[in-house]
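The structure appears below as structure tokens.
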Amino acid sequence: MKKKVVKLATGLLLTALSVGTLVGCGGKGANGSEAAKVSLENLSFPLQEKVTITGTISYPSGTESEPNNRTIFKRLEEETNVHVNWTAISSDQWGDKISLAMSDKDAMTDFVFNASFSNSDLIRYADQGVILPVEDYIDNYMPNLKAVFDKYPEYRAMCEDSEGHIWALPWIEQLGSNKTAIQTVGNNMTYINKKWLDFLGLETPTTVDEFEQVLLAFKDHAAELQAEFGIDGDIIPMSCIMNDNDPSLLINGFGEGYGDNDLGQHIAVTDDKKVICTATTEGFKSGMQWLHKLYEEGLIDPECFTQDWATYVAKGKSHRYGVCFTWDVANIDNLEDYVPLAALEADTKNVTPMNGSFTSGFDRGRCVVTAKCENPEFVCAWLDFMYDPFQSPQNNWGTYGEDDDFDIFELSTNEQGGKMLKHAALGDASPVEVREAECVGGPLAILDEYYGVYVTCPDDAQYRLDWIKDIYTDDMHCKYVYPNVFMTAEDTEKLTTIQTDLISYINSSRSNFVMNGLTDADWEEYNKQVESYGLQDYLAIYQKYLDEFYK
């Protein structure tokens, strides 16, 4: 990484900033940070004298718990001469502990690196005065992020609230765009065991009826499959985690073809720009009834309503699944045995892309600077290193030159002779596990134009991009997905209040419908309950921002 010089802004902005935060007493602040002693005049990295700042970060459970033991942070400290005293929280405890941390202003660190705060979180913390707006710091002390915003102004607009404030630094990962973006199908991509199909002499199903017959064949020939492939444990024709990695993609063909892919909001956008609730369509009703039929026939894992990810993966690694649902089947079993299953035809054939996916990967609330920080300009200047085109891929996926047996990258060169990160072959390793062991996450930006210049496209991303383009894109008949919007505090509060009960009720009903069936009387009562939870107000809020977006 080249030596970085941060040029100061001039005029009234700089004067205003200087009054409060640039005059520090030196030494460590109340939270152990030395940020206040750094002068911004002719600031350049590495600093002549080591400075300590403080940060809060999450890490995947079961991986290295001390962030400064990770190669990425070791190198950043060498290149900047900035040491970070981290408060590290395991990801499985993050939700509760970060809420407590944000409620104690005196105990806060300078910044929260892997915050991933929701819109309501950002607005609440902004109203409480515990996080700082960063738009001026971006413009004057973060040249890497500003360059991204200048080239893709839509990302800046997506970060801004209704008053133009930016309360957090984003995570941006471009891998394809519009209907070819890697996020369009989400975590519910359907994978079918091609090895079992071939052994039983079956074709890959293209309709819901053919799919049912294939699952029945898996069930009826379970003993043969166990013997042929040495499978220890019962054959499971289809498994999932309901309301997470579940069969929502399979029911896109029923009714008008909207399905119910967005399990967090249960909305879609019609071609005439109307927001609808997917979980109240006739296609949803028919899809749930069909899934119940499969469940009654013993074709769906009975543990799908209660199992956690670890259990789901453990059964997959035992090669017991005929069909499963996930982002990448290599995380559950292996690539060689499975192929993605294209959209199934029922009343129609369609794939409803995930909302927000057309602008690729985006997290508005990835990193926040807290009000405890005594020199936010300096901290933001350091955080801007995360947006360096050579640094962002490492933070996102992992690095090179590790002391262990596996490296995500090899240090290579591009066609122009510049240094480039070349993805190492994953082999039989799980992409999720090896990346979690090395990456640090946080705020970053990876743009499509970086591939082949700063970094190669990951193999698992490339084959997923190919699958989406070759298998799913042509069946994405809709014109729109709901965009990433930043609502006002009032509307966010209204939406959150409605969602608390509405989404919980819809998701529990989905599980109930698959397990116990769905009669016309059940459907009528369900719709009454959904309406009573404020569905029309819920849709009206979404419609308001969709209309504003397209103005």
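Kindly establish whether VAL440 is crowded, with 21+ Cβ neighbours inside 10 Å and of a type in the set (Val, Ile, Thr). Give the derivation first.
Numbers: crowded, with 21+ Cβ neighbours inside 10 Å: yes; of a type in the set (Val, Ile, Thr): yes.
Considered against the rule, which asks whether it is crowded, with 21+ Cβ neighbours inside 10 Å and of a type in the set (Val, Ile, Thr), VAL440 comes out as yes.
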Checklist entry - Taking only pairs six or more apart or across chains, which ones have beta-carbon atoms under 6 Å, a first residue in the range 348-374 that is in contact (Cβ under 8 Å) with a residue 12 or more places away in the chain, and a second residue that is open to solvent by 10 Å² or more (accessible area, probe 1.4 Å) and part of a strand (DSSP E or B)? => result GLY361/GLU173; ASP363/TRP171; ARG366/TRP171
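Name the one entry in ALA9, ALA30 that is at pLDDT below 95 and within 28 Å of PHE117 (Cα to Cα). Before you say what the answer is, go through the steps one by one.
Working: ALA9 fails: within 28 Å of PHE117 (Cα to Cα).
Checking each option against the conditions leaves just ALA30.
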Next on the checklist: Residue pairs, Cβ under 7 Å, 6 or more apart or interchain, first in the range 405-434 and on the phi < 0 side of the Ramachandran plot, second assigned to a loop (DSSP other than H, G, I, E, B) and charged (D, E, K, R). List them.
Outcome noted: ALA424/ASP407; PRO431/ASP328
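Taking into account only those residues within the range 71-96 that are of a type in the set (D, E, K, R) and at pLDDT 95 or above, which is most open to solvent (accessible area, probe 1.4 Å)? Give the steps one after another, and end with the answer.
Within the range 71-96, the first condition is being of a type in the set (D, E, K, R), and the residues that meet it are 74-75, 77-79, 92, 96.
If we keep only those that are at pLDDT 95 or above as well, we get 74-75, 77-79.
Working: LYS74: 91, ARG75: 50, GLU77: 38, GLU78: 144, GLU79: 59 Å².
Once the filter is applied, the top-ranked residue is GLU78.
Quick one: is ASP244 touching a residue at least 40 places away in the same chain (Cβ under 8 Å), open to solvent by 70 Å² or more (accessible area, probe 1.4 Å) and within 30 Å of the chain's Cα centre (by Cα)?
Working: touching a residue at least 40 places away in the same chain (Cβ under 8 Å): yes; open to solvent by 70 Å² or more (accessible area, probe 1.4 Å): yes; within 30 Å of the chain's Cα centre (by Cα): yes.
In short, yes.
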Checklist entry - Do we find that GLN499 is open to solvent by less than 80 Å² (accessible area, probe 1.4 Å), more than 25 Å from TYR125 (Cα to Cα) and either of a type in the set (Ser, Thr, Tyr) or out of contact with any Pro (no Cβ under 9 Å at 6 or more places or on another chain) (or both) in this structure? => result no
Next on the checklist: Please go through the range 105-121 and give me each residue that is more than 19 Å from GLY55 (Cβ to Cβ) and in a loop (DSSP other than H, G, I, E, B), ordered by number.
Outcome noted: SER118
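Please work out if THR496 is within 30 Å of ALA424 (Cα to Cα), touching a helix residue (DSSP H, G or I) at 6+ places or on another chain (Cβ under 6 Å) and of a type in the set (Ser, Thr, Tyr). Show your work before the answer.
Details: within 30 Å of ALA424 (Cα to Cα): no; touching a helix residue (DSSP H, G or I) at 6+ places or on another chain (Cβ under 6 Å): yes; of a type in the set (Ser, Thr, Tyr): yes.
So THR496 fails the test.
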Next on the checklist: Between THR348, THR306, which is at pLDDT 95 or above and more than 23 Å from the chain's Cα centre (by Cα)?
Outcome noted: THR348
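Say whether the condition of being outside any loop (DSSP other than H, G, I, E, B), under 16 Å from ASP234 (Cα atoms) and open to solvent by 20 Å² or more (accessible area, probe 1.4 Å) is met by at least one residue in the range 301-308. Full working, then the answer.
Filtering the range 301-308 down to residues outside any loop (DSSP other than H, G, I, E, B) leaves 302-305.
Right, trim to under 16 Å from ASP234 (Cα atoms) and you get 302-304.
Those left that are additionally open to solvent by 20 Å² or more (accessible area, probe 1.4 Å): 302-303.
Yes, the range 301-308 contains a residue that is outside any loop (DSSP other than H, G, I, E, B), under 16 Å from ASP234 (Cα atoms) and open to solvent by 20 Å² or more (accessible area, probe 1.4 Å).
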Checklist entry - Tell me, which residue of the range 39-55 that is at pLDDT 95 or above and in contact with a helix residue (DSSP H, G or I) (Cβ under 6 Å, 6 or more places away or on another chain) is nearest to ILE98 (Cα to Cα)? => result ILE53
Checklist entry - Looking at the range 117-133, which of its residues are surrounded by fewer than 20 Cβ atoms within 10 Å (Cβ to Cβ) and within 21 Å of the chain's Cα centre (by Cα)? => result SER118, SER120
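Taking the options ASP198, ASP106, ASP136, ASP110, name whichever one is open to solvent by less than 10 Å² (accessible area, probe 1.4 Å), more than 19 Å from the chain's Cα centre (by Cα) and charged (D, E, K, R). Give the derivation first.
Details: ASP198 fails: open to solvent by less than 10 Å² (accessible area, probe 1.4 Å); ASP106 fails: open to solvent by less than 10 Å² (accessible area, probe 1.4 Å); ASP136 fails: open to solvent by less than 10 Å² (accessible area, probe 1.4 Å).
Going through ASP198, ASP106, ASP136, ASP110 in turn, just one is open to solvent by less than 10 Å² (accessible area, probe 1.4 Å), more than 19 Å from the chain's Cα centre (by Cα) and charged (D, E, K, R): ASP110.
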Next on the checklist: Could you check the range 122-157 and list, in sequence order, the residues that are out of contact with any helix residue (DSSP H, G or I) (no Cβ under 7 Å at 6 or more places or on another chain), in a helix (DSSP H, G or I) and not polar (S, T, N, Q)?
Outcome noted: LEU122, ARG124, ALA126, GLU135, ALA147, ASP150, LYS151, PRO153, ALA157
Checklist outcome for this item: By residue number, the members of the range 204-228 that are open to solvent by 20 Å² or more (accessible area, probe 1.4 Å) and touching a helix residue (DSSP H, G or I) at 6+ places or on another chain (Cβ under 7 Å) are THR204, HIS221, GLU228
Checklist outcome for this item: Among the residues of the range 530-551, the number that are open to solvent by 60 Å² or more (accessible area, probe 1.4 Å) and either closer than 30 Å to GLN289 by Cβ or acidic (Asp, Glu) (or both) is 7
Item to check | Matching strands (runs of 3 or more DSSP E) fully within the range 316-434 where at least 1 residues are more than 27 Å from LEU43 (Cα to Cα) and open to solvent by 40 Å² or more (accessible area, probe 1.4 Å) | outcome: 338-340, 409-413, 419-423
Checklist entry - Among the residues of the range 257-288, which ones are open to solvent by 50 Å² or more (accessible area, probe 1.4 Å) and within 23 Å of GLU212 (Cα to Cα)? => result GLU282
Checklist outcome for this item: Of (1) surrounded by fewer than 19 Cβ atoms within 10 Å (Cβ to Cβ); (2) in contact with a helix residue (DSSP H, G or I) (Cβ under 8 Å, 6 or more places away or on another chain); (3) assigned to a helix (DSSP H, G or I), LEU291 fails just (1)
Checklist entry - So LYS479 clears everything in (1) touching a helix residue (DSSP H, G or I) at 6+ places or on another chain (Cβ under 9 Å); (2) open to solvent by 40 Å² or more (accessible area, probe 1.4 Å); (3) in contact (Cβ under 8 Å) with a residue 60 or more places away in the chain; (4) of a type in the set (D, E, K, R) except one condition, right? Which one? => result (1)
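From the list ASN516, ASN507, which one is open to solvent by 70 Å² or more (accessible area, probe 1.4 Å) and in contact (Cβ under 8 Å) with a residue 24 or more places away in the chain? Give the derivation first.
Working: ASN507 fails: open to solvent by 70 Å² or more (accessible area, probe 1.4 Å).
Answer to the check: ASN516.
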Next on the checklist: With the requirement that a residue be acidic (Asp, Glu) and touching a strand residue (DSSP E or B) at 6+ places or on another chain (Cβ under 6 Å), what does the range 126-159 give you?
Outcome noted: GLU135
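The values are calculated or read from the model by the stated rules, or taken from the named source; none is laboratory data. All values derive from a computational prediction rather than experimental measurement. Using ideal geometry, Cβ is built from the backbone for each residue, glycine included, and neighbour counts are taken over all protein chains shown. We work out accessible area using only protein heavy atoms, side chains counted, and drop any ligands, DNA or RNA first. Shrake-Rupley method; radii C 1.70, N 1.55, O 1.52, S 1.80 Å.
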